Amino acid sequence: MILPILCVKCKNQPAETSAVEGRLKLCPKCFIEYFERRVKESVQKFHMFTHEERVAVAVSGGKDSGALLRSLKRAFPNLDIVALHINLGINGYSEHCESKVRELVKEECVELNVFKLSEEGFTIDDFRKTLYKNEVCSPCGIVKRHILDRMALEVGAKVLATGHNLDDILSTLLHTFFSGDFVQLVRLKPVLMPQHPYQTKKVKPLIKMSEFEDYQYALYTEIPIRELNCPHSIGTKSREGKKILESLSKGNPNFKYQTLSLFLKKLIPMIEDKVKQPNLMSCIRCGFPSSTEVCAYCKRVEMVKRVGKRA
Ligand code: SF4
Ligand code: ZN
């Protein structure tokens with residue numbers, strides 16, 4: 001008879017899952033505790049917010065942002081949290097995502113603000129008619145960043161938490177490092193202070209949690225998450241980056257944590273002062289931060305609307 005491996009924490013229940021890249025065999029209950037404790041430690045270690053601050057949490061309907069909202073709510077039960085969701089107007093996908101977000105905030109008793117992109121006169125699908133064709137993730141990222149800044153400002157939140165996990169950060173790190181984009185590389189820090197009155201402090205409480213751990217946490221705490229993938233996500237750079245990351249991690253379960261530690265303790269302190277961040281001014285159209293007269297968001301809006309008029 002093969003005896004089950006016991007959880008290394010409680011030494012009582014069978015270990016069903018693992019954390020820290022397979023090194024910590026845990027039962028579901030101990031895994032949930034491990035996850036919430038680690039999120040709390042990251043928030044405190046990097047001084048992401050205080051108990052007095054109103055924290056906006058960007059929720060998309062996916063496992064990462066769902067795990068973020070639930071773990072923050074449990075780790076900081078008295079924190080003033082407001083959930084922000086953008087309905088991107090992606091056919092057959094966005095309504096499904098919004099319904100999952102509504103279920104989650106109801107379970108967590110958290111205030112929700114939804115922004116329907118169609119109210120701006122366009123949707124993410126419309127970018128397929130522009131030069132972005134099969135690469136709409138690029139304008140989508142710009143749109144999401146801008147709208148989230150706007151929403152956070154409107155709800156009076158000084159902090160905006162996003163569900164970027166360890167794998168997201170490291171795959172972007174590899175990409176930005178090898179393309180020499182050190183400005184973007186510095187922006188992967190766990191906390192980004194505002195550089196403009198219309199910006200919030202951006203924080204990444206899941207910086208030490210892997211994608212697998214987010215998924216496990218979502219599963220064990222039964223977070224309502226979307227069952228569909230975005231139709232525009234096929235073959236995106238982030239997916240390719242994660243594949244490279246997985247192959248580099250093979251045979252070295254420490255690889256991801258070593259790389260993150262190297263990034264935070266060595267690389268960032270070394271290059272931060274040397275990398276010239278663009279001087280921010282206010283966009284002449286929307287007033288939001290921009291490195292040029294007209295911001296990236298307003299330029300994309302103009303492009304998508306111009307194409308819409310021609311169609
Ligand atoms: Fe936007 Fe691309 Fe994500 Fe779809 S996969 S929601 S288009 S960034
Ligand atoms: Zn603008």
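The values are calculated or read from the model by the stated rules, or taken from the named source; none is laboratory data. Nothing here was measured: the structure is a model prediction, and the numbers come from that model. Every residue, glycine among them, receives a Cβ derived from its backbone with ideal geometry; neighbour counts consider all protein chains shown. Just so you know, the surface numbers come from the protein's heavy atoms only, side chains and all, with ligands and any DNA or RNA stripped out. Shrake-Rupley method; radii C 1.70, N 1.55, O 1.52, S 1.80 Å.
Quick one: would you say THR123 is open to solvent by less than 60 Å² (accessible area, probe 1.4 Å) and at pLDDT below 95?
no
Checking PHE212 against (1) within 28 Å of LEU153 (Cα to Cα); (2) within 18 Å of the chain's Cα centre (by Cα); (3) free of Cβ contacts under 8 Å to residues at least 60 places away in the same chain: exactly one of these is not met. Which one?
The number of the failed condition is (1).
Among the residues of region 94-111, write down those that are closer than 17 Å to ARG70 by Cα and open to solvent by less than 40 Å² (accessible area, probe 1.4 Å).
CYS97, GLU98, LYS100, VAL101, LEU104, VAL105, GLU108, VAL110
Find all pairs meeting these conditions: Cβ atoms under 7 angstrom apart; at least six residues apart or on different chains; first residue within region 124-137 and more than 13 Å from LYS305 (Cα to Cα); second residue open to solvent by 10 Å² or more (accessible area, probe 1.4 Å).
Once the first residue is more than 13 Å from LYS305 (Cα to Cα) and sits in region 124-137, its partners that are open to solvent by 10 Å² or more (accessible area, probe 1.4 Å) give TYR132/SER138; VAL136/ARG128; VAL136/HIS232; CYS137/HIS232; CYS137/THR236.
Determine, yes or no, whether VAL82 is within 26 Å of PHE49 (Cβ to Cβ) and buried (at least 18 other Cβ atoms within 10 Å of the Cβ).
Yes, satisfied.
For region 182-209, which residues satisfy the criterion of being basic (Lys, Arg), in contact (Cβ under 8 Å) with a residue 60 or more places away in the chain and assigned to a strand (DSSP E or B)?
Answer for region 182-209, where residues must be basic (Lys, Arg), in contact (Cβ under 8 Å) with a residue 60 or more places away in the chain and assigned to a strand (DSSP E or B): just LYS201.
Identify the single condition in (1) modelled with pLDDT under 95; (2) open to solvent by less than 20 Å² (accessible area, probe 1.4 Å) that LEU117 does not satisfy, given that it satisfies every other one.
(1)
Quick one: which of GLU213, GLU246 is open to solvent by 70 Å² or more (accessible area, probe 1.4 Å), away from ligand 1 (no atom under 16 Å from the Cβ) and over 25 Å from ILE90 (Cβ atoms)?
On inspection, the qualifying residue turns out to be GLU246.
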